[in-house]
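Participant: Next up is a structure, given as structure tokens.
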Amino acid sequence: MSIFQEDGIRMINFHLPPPIIAAIKSEWQTYVKTIKTYPDNFKGRGIVMCAGGIKYFTCAWIALKALRKTGCYLPIEIWYRGNELNNNCITMLEQEGSIVCKNIEDYTTNNVVGVATKPFSILYSSFKEILFIDADNIALKNPEYLFENSEYKKTGALFWPDFWETAQSNPIWEITQTPFAHSKEQESGQILINKEKCWKCLNLCMYFNYKADVYYKLLFGDKDTFRFSWLALNQPFYMIEREPDTCGYIDSNGNFMGISMIQYDIVNEPLFIHRNLIKWDETEERKLVWKKIKTFKKNTLEKKYINGYSNIASHYYMDFQGEYKISEFEKIFGYIEKELLELLRHLRSTHIYSELLLTYYIKHGQKLNNFL
């Protein structure tokens, strides 16, 4: 279990004795020796996204509409597993143009589930150069220019930071033979990778995800399995320097409820807004939640990171305390949330979505609270 401290350090309450650490380290080092050379059968550039189940189908459909509106017409692969998407959903996604849905079970018999689908889809995608975007992540402008970034071209990997740092006491440093450094963890809602340059790292990342019973406890899911795979193999990458802002609303008690992350590009321009704490499937159609943006003041040492849960709204939130500035969302980004909510209303009005919703909630025995 991870413990998120106000000083921005992520601790864990998961202990590994030295002999176990040594064994884990030896296992991944042995695995690396078995990785085959880059197969050179991947071509071109494209977007990859995972969208299994009604939650991420809803998010993906909205994200794709928003992405195409920016003028990005790169080919897109949507990955899912088994029966997570029915034929109607696949048709609805693919009719957006230059989009192909791919079933993970057509590529492996391994049990690739949850967040492990992310590195898997990157690894097995037909593209050589990939911009992976989480289904709940909205591109604020056409991201194609990222492929021309000099740091990306040099390293083959462009990563984005999370709010947190990995504690020095975390065994992952010793397991990957990486000297401890005060550095931000990775937020994997968006990743830019050249597979030819990073082939071994990607395979090691997938290995870490297959060993989720250990690595997810150390790294809080999949997100930092990328960074520590690169670190373990001494492979360079470029991490965006500016940390994300938190975006949300003020609740009835006057408390800030950050429910999305705003991520920036290499020149500090906003590029993505990752709606990671209230996803589109559970969003009320007439309720705006992108109201305020909190940003730490430049070079301030007065920073507190508050990772909490709202009993009023029944969701997790992220807040900043210390020296920060607060901005009005609409003054910076206009009416994008209203436009996205209109897309959500349209999606929910379709016959395909109604059938999908009913099937899902009958199967799982849940109520249709937000949809009636």
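Participant: Of the residues that make up the range 267-276, is at least one over 30 Å from G156 (Cα atoms), without any contact (Cβ under 8 Å) to a residue 60 or more places away in the chain and in the same structural domain as R345 (by TED's automatic domain parsing)?
Facilitator: No; the residues of the range 267-276 include none that is over 30 Å from G156 (Cα atoms), without any contact (Cβ under 8 Å) to a residue 60 or more places away in the chain and in the same structural domain as R345 (by TED's automatic domain parsing).
Participant: When the range 139-167 is examined, which residues are found to be assigned to a strand (DSSP E or B) and of a type in the set (D, E)? Don't jump to the end; show me each part of the working.
Facilitator: First, the residues of the range 139-167 that are assigned to a strand (DSSP E or B): 139, 157-159, 161-166.
The answer is D162, E165.
Participant: Looking at the range 211-240, I want the residues that are within 17 Å of V112 (Cβ to Cβ) and have a partner that is basic (K, R) with Cβ atoms under 6 Å, at least 6 apart or on another chain. Which pairs are those?
Facilitator: What qualifies is D222/K118.
Participant: Another question, then. Search the range 250-261 for residues that are within 15 Å of Y305 (Cβ to Cβ) and pair each with any residue that is modelled with pLDDT of 95 or more and exposed (fewer than 13 other Cβ atoms within 10 Å of the Cβ) when their beta-carbon atoms are under 7 Å apart and the residues are at least 6 apart or on different chains.
Facilitator: F256/I250
Participant: Which residues, counting only those in the range 316-325, are within 16 Å of P270 (Cβ to Cβ) and in contact (Cβ under 8 Å) with a residue 40 or more places away in the chain? Write out each step before concluding.
Facilitator: Going through the range 316-325, the residues within 16 Å of P270 (Cβ to Cβ) turn out to be 325.
None - no residue of the range 316-325 is within 16 Å of P270 (Cβ to Cβ) and in contact (Cβ under 8 Å) with a residue 40 or more places away in the chain, so the list stays empty.
This table checks each residue for (1) in a strand (DSSP E or B); (2) surrounded by fewer than 19 Cβ atoms within 10 Å (Cβ to Cβ); (3) out of contact with any strand residue (DSSP E or B) (no Cβ under 8 Å at 6 or more places or on another chain).
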| position | (1), (2), (3) |
| --- | --- |
| I191 | yes, no, no |
| L202 | no, no, no |
| D213 | no, yes, yes |
| D224 | no, no, no |
| W230 | no, no, no |
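Participant: Taking the stated definitions as given, is S260 touching a Leu at 6+ places or on another chain (Cβ under 8 Å) and assigned by TED's automatic domain parsing to the domain that holds K292?
Facilitator: Taking the combined requirement at face value, the residue satisfies it.
Participant: Next question, about the same structure. Within the range 108-138, how many residues are of a type outside the set (A, V, I, L, M, F, W, C), buried (at least 18 other Cβ atoms within 10 Å of the Cβ) and not in a loop (DSSP other than H, G, I, E, B)?
Facilitator: Count: 7.
Participant: In the range 326-336, which residues are outside any helix (DSSP H, G or I) and either surrounded by 14 or more Cβ atoms within 10 Å (Cβ to Cβ) or in contact (Cβ under 8 Å) with a residue 12 or more places away in the chain (or both)?
Facilitator: I326, S327, E328
Participant: For the range 15-31, indicate whether the set of residues that are in contact (Cβ under 8 Å) with a residue 40 or more places away in the chain, within 22 Å of K195 (Cα to Cα) and in contact with a strand residue (DSSP E or B) (Cβ under 7 Å, 6 or more places away or on another chain) is non-empty.
Facilitator: no
The values are calculated or read from the model by the stated rules, or taken from the named source; none is laboratory data. Predicted model, so just to flag it, every value in this text is computed and none were measured. Heads up, the Cβs are rebuilt from the backbone with ideal geometry, glycines too, and the neighbour counts pull from every protein chain shown.
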